[in-house]
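The values are calculated or read from the model by the stated rules, or taken from the named source; none is laboratory data. Since the model is a prediction, treat every value here as computed from it, not as a measurement. Please note: Cβ atoms are built from the backbone with ideal geometry, for glycine as well, and neighbour counts cover all protein chains shown. With ligands, DNA and RNA removed, areas are computed over all heavy atoms of the protein, side chains included. Shrake-Rupley method; radii C 1.70, N 1.55, O 1.52, S 1.80 Å.
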Amino acid sequence: MKKSVYSICGMCTVRCPIRVESENNQVTWIEGNPHLLDGALCAKGSAGAALISDTERPQQPLIREGARGAGRWKKVSWTTAYDYIADKLKTIKTEYGPESVVLSSRGGPWQGMYKTFIHAFGSPNYTNHDCTCGRNTHHASLSINGVGRKGFVYDIKNANHLVLFGRNMFASLRIAENLQTMDMLDKGGKLTYVDVRQTMTGIKATRFFQVRPGTDYALALGMIHEIIERKLYDADFIKRYVTGFEELCDFINDYTPAWAAKECGIKEKSITAFVEEVAKDSPKVIFHPGWNLSRYKDSFYASRALHILNILMGNIEMKGGLIIPKGPGDCGVKGIRSLDCPKPDIKRADGVGWKYKHFDKGPGLAHLFINNMIAEDPYPIKAWIAMRHDPFCGLPDPQQQKLAMDKCDLLVSIDTHYSEFGWYCDVILPESTYLERDTPICVQKGPKPRLAVRRKAVDPVFDTKPSWEIFKQLAERLDIGSHFPYNTIEELWDWQLEPTGFTMSDFDDKGFISLTDEVIMYDRDNLDGQFKTPSGKIEIISKKLDDAGLPSLLPYESPEKPSKGMFRLVYGRSAVHAHGHTINNPLLSELMPENKVWINKRSAAKLGINDGDLIDVIAQGSSYSGTVHAHVTEFIHPEAIYMVHGFGRQIPLQTRAYHAGISDQKLMVGKLDDWDKAGGAINLCEAFVAVRRSARNPKRRVEL
Amino acid sequence: MNKYMIHLNTKRCIGCHGCEVHCKANKGLPVGPILCEIDHKPLKSIRGVPKTEFSFRSCYHCDDPFCVPICPTGAMQKREDGIVFVDFDTCIGCMACQGACPWQIPQHNPETNKAVKCDYCMDRVDQGLKPACVSKCTTHALKFVTLEEM
Ligand code: SF4
Ligand code: SF4
Ligand code: SF4
Ligand code: SF4
């Protein structure tokens, strides 16, 4: 039988809206939702269909038999697996207290469910992957604007100029945003791109700054200087909504474009020419404050500087600028119900909220658990449940993490595939793939807010379950089932929708429920109350940072230069993989089976490395090394080497991904401790590695 | 006379290889055959911005195809509207077509042991739909063009 459903892609965390056709429980067609994306989809999105029949994923619950990581599994029923986990959790709760259990997830619109579970269990220790992703950007925005990373959406389509600092959007795809950017460029808009290497986004740019690694902040300061010097800022907006502008003017004095150019290794006149363009294009110039900015020691301040640039443009709540997302309330509609349980009043084990008071308490900071677990300070952690989160792939130094995990009596991975962490766990609960599972309804805020839902396109082909059922079942066994007031997904959906007056059939038409026909914009002269800072204004000098003893305007410090033979390790994404998540997908591994290491032509020549040679990349002060092919190019800064993240996986059952390419996080030995005290994120681009031509390059033909 | 062609707007193309997977997924192809290909020239710096040109190639659906006459069973055929396609019922997988094509366009499908090649998604086109690669191109860079009858 033929079927068509609207759903939400799950190949990466962008979650594009899709429409899926199936016949006899086989997916035959996936496209971007025609009403929102006119069919557009990326390679990963289409390769989703290959996920379903992939037998190299867990097909029923597994309980470990041998040593951790040895890969000996006993296939068990769901009842056995649930009982096993619940019994262990009960014992741990009795002996060590509920707070000794951590639950980590990737984050996203459904994290309320996971949070509810762990909070209801009695532990405050919910965390997510964001310390290796957007935490710096999030905290930067909170400190200045009083709203987090999602506190603005970018109206790129109507902008005149988009400025991206290392936000490689044409490889780290978000289809709606990509389409907007293309449309803007087609209309003659400009794109300025800043990175240490050339990327697909750089190719599409109208201006490209190839900067020295770690100098983004310097470039942003140089831009601020020139914009203030030439009085190109929106003085009325600043007067009305911003505090700390005078302090900024004093601070910026020495950071001239000439200084910035020298620091970044670019030409002064290209900075002034850029600002000349800004003069013409303002106020519709968007400085993207970054997505994954867990990179350099001052990335938090770089992100703050980018926010300051937006404020100088005065581009808040206008067409072609930064728009405050609207929710159901703005449309005169009641919001949906969501699973929720208040956080228990116990100190978090990562120190967030009591030791580190200036961070968002929501998900805390995952990396801060690790050393605390090893030291059993402030209390022992005895179980870690990873909900589609792979700390061993996301966080640096899995070896060190294992020392912490070895302190646990229970490690559980709930995931659609074998994660590196899952392989080390005691129990794997296989979640159904996104094409085989339903999820709760979520609100998508924006200028035109809507409700969205993922609906399964086909029934699970293996003995896998959706997460709403997994958490319900575990909750029942732990006597916290009342927090999950449903037995079927239909009951959950109805319960969520009840206050809104909508029903599930309202999704049938387009796959989403639009809460408004028109774009909703607030009155720009009356934005009071939108900036949730202590003063209610946009704070260039942040009270919160002050209270934490941190500067709001950090004097610039030049990044460390790698010593001889060493390189700064820089990572990124390609358009065909979503980090470690997709490396083993048959259709995607066919396109990109392994990563290569980019190295500058001149640096490579000095080391006798030719394009395509095998090279050894060696972690600093450790014996870990990986061998991989070199991509020799002039389009990367000589101080850096670059690789796509997610490769170098060590799960034998994933035959396509097994030891294919190398892993950046395994090269970051000791780097769990290198994190941003102001922004909270890990400094993932502060690791240095040695590179040499590998002895494995064939010298002779030796065959018989 | 060829009625159709696929045009790539290289300004919009981001070399994401989506089209290649859209094509494979639509035809349910296993690892191995890839029916269209996105390629680009080596990067060249133009006024400080490294640039390149992308190209998209599927099958040329030649006016006078080499692959059709060589086929021993008549499986490789050219339609009235110019589409060159494989009739899977008669294809024996000898791959003579691949050898005859100057660009080795026809590919071997290891699952069916038959030749497979771009057929402009004629099943979709006949239903008034666009080919898979065009419909789902990430940035709408591909266009399916119907040429006017002369
Ligand atoms: S960007 Fe691609 S993989 Fe990510 S959600 Fe969108 S379609 Fe899916
Ligand atoms: S899907 Fe579109 S943008 Fe991507 S490579 Fe193909 S033609 Fe280019
Ligand atoms: S397969 Fe080769 S010879 Fe046949 S139509 Fe296509 S391009 Fe021409
Ligand atoms: S037209 Fe159809 S068969 Fe040809 S390359 Fe595009 S998707 Fe593949």
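Could you work out how far apart the two model spin labels at A:Met521 and A:Ile63 are, taking each label as a point 7 Å from the Cα in the direction of the beta carbon, and quote it in nm?
6.1
Ordered by residue, what ³J(HN,Hα) values in Hz, to whole numbers, does region A:70-87 give under the Karplus form 6.51 cos²θ - 1.76 cosθ + 1.60, where θ = phi - 60° and Gly and Pro are x?
Here the 3J(HN,Hα) series is 6, x, 9, 10, 9, 7, 10, 7, 4, 4, 4, 5, 4, 4, 4, 5, 4, 4 Hz.
Given the rule -39500 (n - 2.57) for each run of at least 4 DSSP H residues, summed and divided by the residues of the protein assembly as shown, what is its mean residue ellipticity at 222 nm, to the nearest 500 deg cm²/dmol?
Calculated mean residue ellipticity at 222 nm is -7500 deg cm²/dmol.
Take the alpha carbon atoms of region A:593-626, find their center, do the same for region A:408-475, and report the distance between the two centers in whole angstrom.
Result: 38 Å between the Cα centres.
State, as an integer percentage, the relative contact order of chain A based on alpha-carbon contacts under 8 Å between residues 6 or more apart.
Contact order relative to length: 19 percent.
Roughly how many percent of the accessible protein surface of region A:2-51 is carbon and sulfur, given a 1.4 Å probe and a whole-percent answer?
Percent of accessible area from carbon and sulfur atoms in region A:2-51: 43.
Using modelled amide H (1.01 Å from N, peptide plane; none on Pro or chain starts), what sits under 5 Å from the amide H of B:Met76, excluding residues fewer than 5 places away?
Hits under the 5 Å cutoff: B:Asp87.
Of the beta bridges DSSP finds with both residues in region A:1-158, what % are antiparallel, to the nearest 5?
85
How many angstrom lie between the C-alpha centres of region B:1-63 and region A:241-315?
37
Considering only region A:152-323, what is the antiparallel percent among its DSSP beta bridges, to the nearest 5?
Around 10 percent antiparallel, to the nearest 5.
When you look at the Cβ of every residue in B:46-57, what mean number of other chain Cβ atoms sits within 10 Å?
4
Is the shape of chain A rounded, prolate or oblate, going by the alpha carbon gyration tensor and its root eigenvalues a ≥ b ≥ c, with a/c under 1.5 for rounded and a/b larger than b/c for prolate?
Note, shape of chain A comes out rounded.
For a distance above 21 Å, tell me the whole-number percent of Cα pairs in region A:293-371 that qualify.
In whole percent, the share of Cα-Cα pairs in region A:293-371 beyond 21 Å is 60.
Which value in Å is the Kirkwood Rh of region B:4-149 over different Cα pairs?
When all Cα pairs of region B:4-149 are included, the Kirkwood radius is 16.2 Å.
If the chain between A:Asp673 and A:Cys249 were fully stretched, how many nm would it gain, using 0.36 nm times the residue separation less the Cα-Cα distance?
Length difference between fully extended and current span is 149.2 nm.
I need the calculated FRET efficiency for the pair A:Asp506 and A:Ala695, taking r as the beta carbon distance and R₀ as 56 Å, to the nearest 0.05.
My answer for the efficiency is 0.30.
Determine the order of A:Asp664, B:Asp126 by accessible area, beginning with the largest, at a probe radius of 1.4 Å.
In descending accessible area the options line up as B:Asp126, A:Asp664.
With a 1.4 Å probe and every protein chain left in place, work out the accessible area per residue of region A:566-693 in Å², rounded to a whole number.
Heavy-atom accessible area per residue stands at 32 Å².
Going by average Cβ density within 10 Å per residue, which order do the peptides A:609-615, A:263-269 take, highest to lowest?
Highest-to-lowest ranking by the protection proxy: A:263-269, A:609-615.
Can you return the lysines within cross-link range of A:Lys448? Criterion is Cα-Cα under 17 Å, with same-chain partners fewer than 8 residues away left out.
Answer for A:Lys448, where 17 Å is the Cα cut-off: A:Lys150, A:Lys157, A:Lys319, A:Lys326, A:Lys334, A:Lys510, listed by chain and number.
Along the Cα-to-Cβ line of A:Arg230, 7 Å from the Cα, sits a label point; which residues in region A:194-223 have backbone N less than 11 Å from it?
It comes to A:223, nothing else.
How big is the charge dipole of region A:152-323 about its Cα centre, in debye rounded to the nearest 20, if each Lys and Arg gets +1 on its Cβ and each Asp and Glu gets -1 on its Cβ?
So the magnitude is around 500 debye.
I need the calculated FRET efficiency for the pair A:Thr206 and A:Lys262, taking r as the beta carbon distance and R₀ as 30 Å, to the nearest 0.05.
E(calc), rounded to 0.05, equals 0.80.
Give a residue-ordered list of calculated ³J(HN,Hα) values for region A:11-17 (Karplus: 6.51 cos²θ - 1.76 cosθ + 1.60, θ = phi - 60°; whole Hz; x for Gly, Pro).
7, 9, 7, 6, 6, 5, x
Enter the Cα centre distance for the pair region B:73-150 and region A:325-346, rounded to the nearest angstrom.
Value for the Cα centre distance between the two parts: 51 Å.
Measuring from label point to label point, each 7 Å out along Cα→Cβ, what is the A:His629 to A:Leu614 span in nm?
Between A:His629 and A:Leu614, the simple spin-label model gives 1.3 nm.
Roughly how large is the B-A contact in terms of buried accessible area, totalled over both chains, probe 1.4 Å, nearest 100 Å²?
2800
I want to check the label-to-label distance for B:Asp123 and A:Ile346. Put each point 7 Å from Cα in the C-beta direction and report it in nm to one decimal.
Distance between the two pseudo-spin positions: 5.6 nm.
Give the share of C-alpha pairs in each 5 angstrom bin for region A:566-693, from 0 to the last occupied bin, in whole percents, shortest bins first.
2, 11, 20, 22, 20, 15, 8, 2, 0
For A:Met668, which sequence-distant residues (separation of 5 or more, or a different chain) have an amide H within less than 5 Å of its own amide H, given hydrogens modelled in the peptide plane?
A:Asp397
Could you list which residues have their amide H under 5 Å from that of A:Val576, counting only those 5 or more apart in sequence or on another chain, with H placed in the peptide plane?
none
Residue-wise, which Karplus ³J(HN,Hα) couplings in Hz belong to region A:426-434, taking 6.51 cos²θ - 1.76 cosθ + 1.60, θ = phi - 60°, and x for glycine or proline?
For region A:426-434, the Karplus curve yields 8, 9, 10, 9, x, 7, 5, 5, 5 Hz.
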